[in-house]
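The values are calculated or read from the model by the stated rules, or taken from the named source; none is laboratory data. On a predicted model such as this, the values are computed, not experimentally measured, just so you know. Glycine also receives a Cβ, built like all others from the backbone with ideal geometry; neighbour counts cover every protein chain displayed. We work out accessible area using only protein heavy atoms, side chains counted, and drop any ligands, DNA or RNA first. Shrake-Rupley method; radii C 1.70, N 1.55, O 1.52, S 1.80 Å.
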Amino acid sequence: MAFDLELLAEKLRKYREQFELSLVELSEATGIAQQSLVEFESGQKEPTGDEILILADVYKCDYRFFISNERFAPFEQTETLFRRYGEEFSRNDRWAVQEVLFLAECEHFMFSNLEIFQDKPFIFRKKGDFFKRHGVDAAAALRLHLKYPDKIIPMDIYEDFRLIGIHVFRRRLENPNISGLFVRHPIAGKCILINYNEDVYRQRFTAAHEAAHCILDEDDDVVVSFAKLDRQDLKEIRANVFASQYLLPPRSLSLIADPGRWDEDKAILWANKFKVSTEALAYALRESSLIDDSIVKIIKRVRVPNEFKIDPEMPESLSPLQKERRKSLLEQGLSSQYVNRCFKMYHKGMISAGRMAEMMLIRENELIDIANLFGEVLVYGS
């Protein structure tokens, strides 16, 4: 292989710095001598083809990124992300982001090979400079696009956003202050990560919030959303308005009987019906001028009990043990749709068992457990 050694050295060095790896740790992870890594990163030595593949595997990126000037990896996006918000992302969280972007690229690969295309492509054109109005109009337009009647509450919003071409992943992050983020992958396109550490209903709101960034912030490569809203950030306010309007459409709110006389039990009842937090419900009712501040306080001080909350990506038919295993997969970014598509590729002979394990971020010997969980079979010797 012929490389631009100077460019390759810069990419290798910057990738290692992004993920805060020492040369010793990288050597242990790759089996490549530390001195060779030093020489690669200084442009003194050309890696072999196998060494490029090994390094690409560790960094969870397309090997072509290292040997080409084309944008085969979300390197520029993650570089921007960690430079701008570096203190917010622990080393583990940096790897979590990189793995989610790897999953998005794998999903894009599956879509291409299985000929799966956006079922309902959606484009929204902003008009004027009133940010809140953008959020209101975009939410109404998307609900109309997905054929939701005014009074219907969307239940599986993860599937809604996947239908319009967004790669949706829920992944546990160590930093509880990060609710989610949007990244525009150079190959896969629009990707969102929802912090699985959040409450189930909060995750729904975060997903809608990040989808708003995908729809309304088309010029941005990365956006990070924090648990505490920045009241000065108009894009974040707009995304919140979109999420509220999409999950709690004004027409549905207007049909609620006398919310101005609610007590705590009524607040819990209706928050659970809308599948949102009591805080999100209070905000939506106040914005619709249906309640005053005294009722806002009543609604916000209660919480929907966890036993009422149902995760749309966690089938009720599963046993407690199966639910726990599915939960562990979800918090790593692996939805049922993603896993099922991996097995579909495998059964069509498009990928090997080893490649399937790689696409699921697991060891090959863990495949049997996952196959059993999803009612799948592995072909001996594959």
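Using the Cα atoms as the points, what is the convex hull volume per residue of the stretch 36-149 in Å³?
196 Å³
Using the alpha-carbon centroid of each, what span in Å lies between the stretch 104-153 and the stretch 177-205?
Between the Cα centre of the stretch 104-153 and that of the stretch 177-205, the gap is 16 Å.
I'd like to check one number: the per residue accessible area of the chain, probe 1.4 Å, reported in Å² as a whole number.
48 Å²
Based on the mean of other Cβ atoms within 10 Å per residue, sort peptides 190-199, 29-38 so the most packed one is first.
Result, highest mean first: 190-199, 29-38.
Distance between the C-alpha centers of the stretch 241-288 and the stretch 352-382? Whole Å please.
Spelled out, the Cα-based centre of one part sits 43 Å from the other.
For the stretch 284-371, which semi-axes, largest first and in whole Å, follow from the square roots of 5 times the eigenvalues of its Cα gyration tensor? Working shown, then result.
Values: eigenvalues 351, 45, 22 Å².
Computed over the stretch 284-371, the values are 42, 15, 10 Å.
When the accessible area of the chain is split by element with a 1.4 Å probe, what percent falls to carbon and sulfur?
Ligands and nucleic acids excluded, carbon and sulfur reach 49 percent.
Apply the Kirkwood formula to the stretch 19-62: the hydrodynamic radius equals the inverse of the mean of 1/r over all pairs of different alpha-carbon atoms; give it in Å with one decimal.
10.6 Å
Tell me the angle of helix 320-330 to the major Cα principal axis of the chain, expressed in degrees between 0 and 90 and rounded to the nearest ten.
70 degrees
For the stretch 54-125, run through the trypsin sites (Lys or Arg not before Pro) and keep only the ones in DSSP coil with at most 12 other Cβ atoms within 10 Å of their Cβ.
Numbers: sites: 60, 64, 71, 83, 84, 91, 94, 125; in loops: 60, 71, 125.
Sites meeting the loop and neighbour criteria: 125.
To check you understand DSSP bridge types, tell me what percent of the beta bridges within the chain (both residues inside) are antiparallel, rounded to 5.
Once the DSSP bridges in the chain are tallied, antiparallel ones form about 70 percent.
Can you pull out the GluC sites (Glu not before Pro) in the stretch 3-35 that DSSP calls coil and that have at most 10 other Cβ atoms within 10 Å?
Those that pass, being in a loop and sparsely packed, number zero.
Please identify the GluC sites (Glu not before Pro) of the stretch 85-179 that satisfy two criteria: DSSP loop assignment and at most 12 other Cβ atoms within 10 Å. Which are they?
Within the stretch 85-179, the qualifying GluC sites (Glu not before Pro) (loop, at most 12 other Cβ atoms within 10 Å) are 115.
Taking the 0 to 90 degree range and rounding to the nearest ten, how far is the long axis of helix 131-145 tilted relative to the main principal axis of the chain, both from C-alpha atoms?
Helix 131-145 sits at roughly 90 degrees to that axis.
Mind putting a number on the dipole of the stretch 67-131 about its Cα centre? Charges go on the C-beta only, +1 for Lys and Arg and -1 for Asp and Glu, and I need it in Debye to the nearest 20. Don't skip to the end; give the middle numbers.
Details: 9 positive and 12 negative charges, 71 e Å.
Dipole magnitude for the stretch 67-131 comes out near 340 debye.
With unit charges on the beta carbons (Lys and Arg positive, Asp and Glu negative) and the dipole taken about the Cα centre of the stretch 186-258, which residue among 216, 234, 257 sits farthest to the positive side?
257
Work out Dmax and Rg for the stretch 114-215 from the C-alpha atoms and quote the Rg first, both in angstrom.
Rg and Dmax of the stretch 114-215, Cα atoms, are 14.1, 41 Å.
Per DSSP helix of 4 or more residues, -39500 (n - 2.57); summed, then divided by the residues of the chain. What does that give at 222 nm, rounded to the nearest 500?
Values: 19 runs with 203 residues, N = 382.
About -16000 deg cm²/dmol.
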